[in-house]
Amino acid sequence: MSSIAKTDYILWRACAKNAWLRIHNPDVYHSTELTEYEQSVMEMGIDVEREARGLFPDGVAITGSQTDGLEETRSLIASKARTLFQPLFELEQCLALIDVLQRELGTDEWSIYEVK
């Protein structure tokens, strides 16, 4: 199964050739060094994610590959874990990755949080 990330879609909207290179020829895409601006944006994203995770101290990060991540997500949901970081879901060959998924206290309802 192939998948496209939201980042790839946004890149495609800006420049289809860049998106194609990133997906099909990542060695070429990543062959140039990041600009100072690109590096600072990446570091800022890491800082924002760290801060967001701090808002959910009971969170468990899904860390496995795609197949392992799907299984880990299912297992943690079945074990009633309350908050998951980067859980993976698949339906009809579409893959979704969520920044934060949290079970609402006392219910079987879930909230999804997108970190920006």
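The values are calculated or read from the model by the stated rules, or taken from the named source; none is laboratory data. Everything numeric here is computed off the predicted structure, so don't read it as measured data. Quick reminder, even Gly has a Cβ in these numbers, built from the backbone with ideal geometry, and neighbours come from all protein chains shown. Calculation scope for accessible area: heavy atoms of the full protein, side chains included, ligands and nucleic acids excluded. Shrake-Rupley method; radii C 1.70, N 1.55, O 1.52, S 1.80 Å.
Observations on the model:
- Across segment 55-110, counting alpha-carbon atoms alone, Rg and Dmax equal 11.0, 33 Å.
- For segment 35-77, the alpha-carbon radius of gyration amounts to 1.54 times the rule-of-thumb value 2.2 N^0.38 Å expected for a compact globular protein.
- Unit charges on C-beta of K, R, D, E only; dipole of the chain, Debye: 200 debye
- Net charge of Cβ neighbours under 13 Å - reference R103; Lys, Arg +1; Asp, Glu -1: -2
- Amide H contacts under 5 Å for L88, placed H, 5+ residues apart: T73
- Cleavage-rule hits, GluC sites (Glu not before Pro), segment 1-108, DSSP coil, Cβ neighbours within 10 Å at most 14: E33, E92, E104
- Relative contact order (percent, whole number), the chain, Cα cutoff 8 Å, 6+ residue spacing: 17 percent
- Rolling a 1.4 Å probe over the heavy atoms of the protein chains gives segment 27-116 an accessible area of 73 Å² per residue.
- Karplus-derived 3J(HN,Hα), 6.51/-1.76/1.60, for each residue of segment 89-103, Hz, glycine and proline x: 9, 10, 8, 6, 6, 10, 10, 10, 10, 10, 5, 9, 10, 10, 6
- Shown here: Cα extents along the principal axes in Å, derived from the displayed model; of the candidates (1) 52, 35, 23; (2) 49, 33, 22; (3) 50, 29, 25, it corresponds to (2).
- Within the assembled protein chains, the solvent-accessible surface assigned to S40 is about 50 Å², based on a 1.4 Å probe.
- Under-5 Å amide H pairs with G64, H placed in peptide plane, nonlocal only: G69
- For segment 97-116 versus segment 1-74, the gap between their alpha-carbon centres in whole angstrom: 20 Å
- Area accessible to solvent at R50, 1.4 Å probe radius, in Å²: 140 Å²
- Charge sum, other residues only, whose C-beta stays under 10 Å from E114's C-beta, Lys/Arg counted +1 and Asp/Glu -1: +1
- Across segment 23-28, computed HN-Hα scalar couplings (Karplus, 6.51 cos²θ - 1.76 cosθ + 1.60, θ = phi - 60°) run 7, 9, 8, x, 4, 5 Hz from first to last residue, x flagging Gly and Pro.
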